[in-house]
Every structure is written in structure tokens, then in C-alpha cells.
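Each reported figure results from applying straightforward, stated rules to the coordinates on display, with no laboratory input. Just so it is clear, the structure is predicted and the values come from calculations on it, not from any experiment. Cβ coordinates were reconstructed from backbone atoms using ideal geometry, including for glycine residues, and neighbour counts include every protein chain displayed.
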Amino acid sequence: MLLIAALPARADGWLGWTEARPADALSLRSADLVIAPAALLLLGGSQLVHLAPAHCRLCDGADDSGLPGSAGAGRGSLNGVDAFFHDALTGTVLSRKTADTTSTVLAFGVTPAFALGAAWFATGPHASPGAGARAAVIVLESLAVSRVATEVLKLGFARKRPFVRYGTGTNGATASTGSTYDVNDDDSRLGFVSGHASAVAALGVSAAMCASLQDSQAAPALWTGASALVVLTGTLRMVAEKHYFTDVLAGAVVGAGTGVLLPLLHRQGVQVTPNGFSYVF
């Protein structure tokens, strides 16, 4: 009986970090118990049932038609901006596969560590105990929502990746040099938008936004770091020939949008209703 009576007090101790104080800029809401898990379930479900379309919808012309100097070469329906960045960046400095691996490490290793560390420690002068953990939850929610939006866009547009259009992929096996990709993989038709760019933008921007809302002195440095990570990751995705410039730009916009919106929705005084949200002073 004593153990049962002690459970509410222990629960308060476990969950005490979720409670914001009046001086805190950010607070969690009951909906947070649903948002991130629901987003993860949606993402997991899309992967399990292989929703990738059998054919590209946004194809940018026939395969192998964009190779400079080849017979019948031409950019076809590919816009000039994407063609310019593809020709200028693909395979420069790093090989395709090395750039692919490096961008993945940046997006899903370095950037999460940067963003979660920033959220935890850059809590500003008025933050109460637990503010860092609350900010980290908001950052993770921003990532989760961004990933769902990215997946929906990828499946909807079904854009052919550059390595397929430019004929540098392999048919069923990776070349011994490790510089090309399998054109038959479902992922070869999921080019728009860039998931790496959206993830980095969501993580970096949400961490910087949380710091700004909490008046942290680290906020300017975090905005600079987030911008640098987005640009570097997006450039590497083009060097890897996994994405066009517009893929990267759109991914960055999606991620940055969730990175701004989610912290704003968690400001103290913001009331979220079925008709929208308002700020109470």
C-alpha cells in the first residue's frame, strides 16, 4: 500500500521536467504525446509497405539524355538551374559514393548531435530546470513532422534521381569503384524533395529557434551553424548525384518551415485550437 501511495509522487519526479515555469519561454503540451509517435508510425508504415511508385512521375526527360558531348545530348525537359548545378558539382572534390556517405553522416549523425546539444544547453537566462529536455523534445518533433512532409512529397512527385537520368547508375549492382548506384532500386524514383536537406534544416533551425525564443546568447552562433550544415549537406547531395538543386532547396524549405513553426507553437501563451492558434499576452 505504501508503494502504491508513493507512485504519484514518483511520477511527478519522473515527469517534473515537462512542467514549464511562468518565466520559461517554451512549454510542452498534451498533443506532444501524440505528434512524434504518430509521425514515426506513419514513416515506418510507408517503409514497410514499399509505397514507392513503379515509375517516375517527374522524369525530366529520357534516361541518358543529359550527358554533355554525347550523341543527341541535351537537357531535354530538365530546367537550366538544375542542369547547371548538376554539371558544376557532380563528382567534384569527392566521388559520388563518398559524398553520399559523408552527407548521411552529417545529416543523421553530426546534425542531430549539434541540434540536441544546442537545445539542451542553450536555454537562456530565465529557463527553469528541465528546459533543455523540453527544447530537445521540440527539436525531435520538428524532425518528425518534417520527415512525414518529406515522405509525402517524395511519393507524390516520384522524381527520377540525377544518376538515373544521366546514365551513371548500374543495373542491379554497384560498380567496383563504388561510385554509382542501382537504377532499379525504388529509391531511384524518390528524388524530390531531399530528405537529408529537410532533416538538417528541421534539426538546426528548430534548435536555433528555441534558443532565440529563450533569449540565449548562443542563438546567433546556432543560426550560423544550422545554415552552414544545410548548405554543406545540400551541396554534398548534389556532388553525390542524388539530388538536383531544386530538390535540395525544397527540402531545406520544408525542414526550415517545421523548424520555425514547432517552436513557435510551443511558446508560453500560445493557445492551439481547431480554428488555429493565438498568442495570449
Practice problem: Indicate the gyration tensor shape class of segment 79-279 (rounded, prolate or oblate), computed on the Cα atoms with a ≥ b ≥ c the square roots of the eigenvalues: a/c under 1.5 is rounded; otherwise a/b larger than b/c is prolate and the rest oblate. | Solution: prolate
Quiz item: Among GLY191, SER212, GLY169, whose Cα lies farthest out toward the positive end of the dipole of segment 90-225, if unit charges sit on the beta carbon of Lys, Arg (+1) and Asp, Glu (-1)?
Solution: GLY169
Quiz item: Rounded, prolate or oblate: which fits segment 177-241 when a ≥ b ≥ c are the square roots of the eigenvalues of the alpha-carbon gyration tensor, with rounded for a/c under 1.5 and prolate only if a/b beats b/c?
Solution: prolate
Self-check item: By average C-beta atoms within 10 angstrom, highest first, the peptides 230-236, 80-86
Solution: 230-236, 80-86
Exercise. Work out the length of the dipole vector of segment 79-279 about its Cα centre, built from +1 on the beta-carbon of each Lys and Arg and -1 on the beta-carbon of each Asp and Glu, and round it to the nearest 20 debye.
Key: 80
Quiz item: Hey, with R₀ at 41 Å, roughly what FRET efficiency would ALA31 and ALA54 work out to, going by the Cβ-Cβ distance, to 0.05?
Solution: 0.65
